[in-house]
């Protein structure tokens, strides 16, 4: 029989047998890790037009989240405050600070400050802040310890699996309604039992069907 | 050996059977005859068919591109008829695919030696038909780029297919069928690929055939492993012949729609699939054998046996049609009786009677030996069966849907240009693949055909004169 292939090709099946599993596993791991929103989205921290520090306002000064994001309990969106909200204090406080130049200009001209949105859900996912707050999900459960962030960064993946993990088992993420904005609430270690809370009028029953969120 | 029998369809059970391979049945002669289509210049007829196939394939490409760009709204789907030609074509092509595995696996286990002349081409037909079939549910999902959601892959959405849905079972059934068919076909090809490696002149051809022949040298040990692997794959494929179309029928039967929700569907669909597959085998093998002068390998007897299977399965299908109507009446369900009366005399009566005349009446001519042994009658009848089996799926899908429980939503299905072009285009894919197969792979299983010749079964005493192979007990 004629020789068609050089001798080194005898090793090819062995190399393939040894190499293919390694390559396959590596490929699966690479996709599993790098295509995950936990890798691609968590830690997103855009530069904002004003060096506003949540750590100073919500942390050190202890301001309530709802002072600025005031629509969060009534509407689907947690409002980005208008410049006038800033000026409630900054008309009196730090009036000369160069870091607040943009805010003062905005207040004078009426042009809004171009804040950059950090937490963005896709258009095909319907989300309503008010129902989550009514159920007793705290701010920090989804947004992390904003009171420790100088500039806000995305703390959670906001992926569909992440949503469903809570929708399938909401109880550990619930807290009393007066603790919603408490950044120190320990989700893992507390003896709160939602079904024994006299302030709750009905059980939490989050949707798990497709059209719950994809309407 | 210069036996000159031209008609081996006559055999006497007492005197013994006429040989399966006529004319030059020496090993060299068979190899020569099968390899010639790949080595001689391509005949004009093959070039013409390939050209037509390429044009239709282009049409398929354009149709699918426009579909992906625009969405399934370009088809004639409307509100009650949510499953139109795409599902009809899917079931049509999957059904055709059934003959290949039946010939290669079940007939192998039953030691039907006549399978050897047609099993290679029938398996190729199966694989190409499954490829055509997979296009349709693949694009019918609408968002083609997320078609992988059909598979249970772990993902960031924590989304999982619905295991209670027969549509998911279908994904498994068809993909397993496709995989096993390809493995079975390839395993059978290995000795023949080695033959082609040794015959071919070009360096690239030698390398390619050599690569896929996996270093086959025809040693005793090779043959032993090969035979064992082939038997295992035949065993694996056998239940698949029955399971695939059973599960395709579940797509309909598991739903609650009158006209679909019947227990007869699984056996009825399997019989229909084998029926259509064997018809397609005839449609393909009759031109191929005359184009490549293979009449002495794919003989009249092979065609006649195929016709007998068509007669059997066609009658089974006819029985199933009758039984559906009987149960619709006997079951006493008003909706179901209405669905069947509407099928026969409603707005789609034309489709129903086309189906009945092609599928039930046409194969009855195969009761006559003249019809079973005349290639022209066989070819025309096989075309009718192909048409009839497409209409069967059309009748089942569309007539059951177009009048549902609410008369206010009744509607009539009109196919659009894109329905027709996608269907014709799928024939382009099939023709192109089949022409390439004929040109680059041995269309007949050379090694297996040799095994059914007298030379493969040597005896110590001379052959009897009467055409018998000289067997008697303990004569080895």
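No lab work stands behind these numbers, since they all come straight from the coordinates. None of the values given here were measured: they were computed from a predicted structure. Every residue, glycine among them, receives a Cβ derived from its backbone with ideal geometry; neighbour counts consider all protein chains shown.
Things worth noting here:
- Residues in the stretch B:218-262 reached by a label modelled at residue B:344 [backbone nitrogen below 19 Å; 7 Å Cα→Cβ]: B:258-262
- Using just its DSSP H runs of length 4 or more, each adding -39500 (n - 2.57), the protein assembly as shown gives a mean residue ellipticity at 222 nm of -17000 deg cm²/dmol after division by all residues.
- Distance (nanometres) between label positions extended 7 Å along Cα→Cβ at residue B:312 and residue B:457: 2.1 nm
- Across the stretch A:143-187, the residues whose backbone nitrogen lies under 15 Å from the label position 7 Å along the beta-carbon direction of residue B:149 are A:160-161.
- Between helix B:203-212 and chain B: long-axis angle, C-alpha atoms, 0 to 90°, nearest 10: 70 degrees
- Förster-model FRET efficiency, 30 Å R0, residue B:217 and residue A:18, C-beta, rounded to 0.05: 0.75
- Equivalent-ellipsoid semi-axes for the stretch B:27-456 (Cα gyration tensor, √(5λ), whole Å, largest first): 38, 25, 21.
- log10 of Debye I(q)/I(0), alpha-carbon scatterers only, for the protein assembly as shown at 0.07, 0.08, 0.09, 0.11 Å⁻¹: -0.68, -0.81, -0.92, -1.16
- Helix A:12-34 axis, angle to chain A major axis (alpha carbon atoms, nearest 10°): 10 degrees
- Distance between modelled label sites at residue A:125 and residue B:411, nm, 7 Å Cα→Cβ extension: 3.3 nm
- Pairwise FRET efficiency - residue B:334 versus residue B:183, Cβ, R0 = 45 Å, nearest 0.05: 0.40
- In nm, spacing of pseudo-spin labels at residue A:161 and residue A:116 (7 Å Cα→C-beta vector): 2.8 nm
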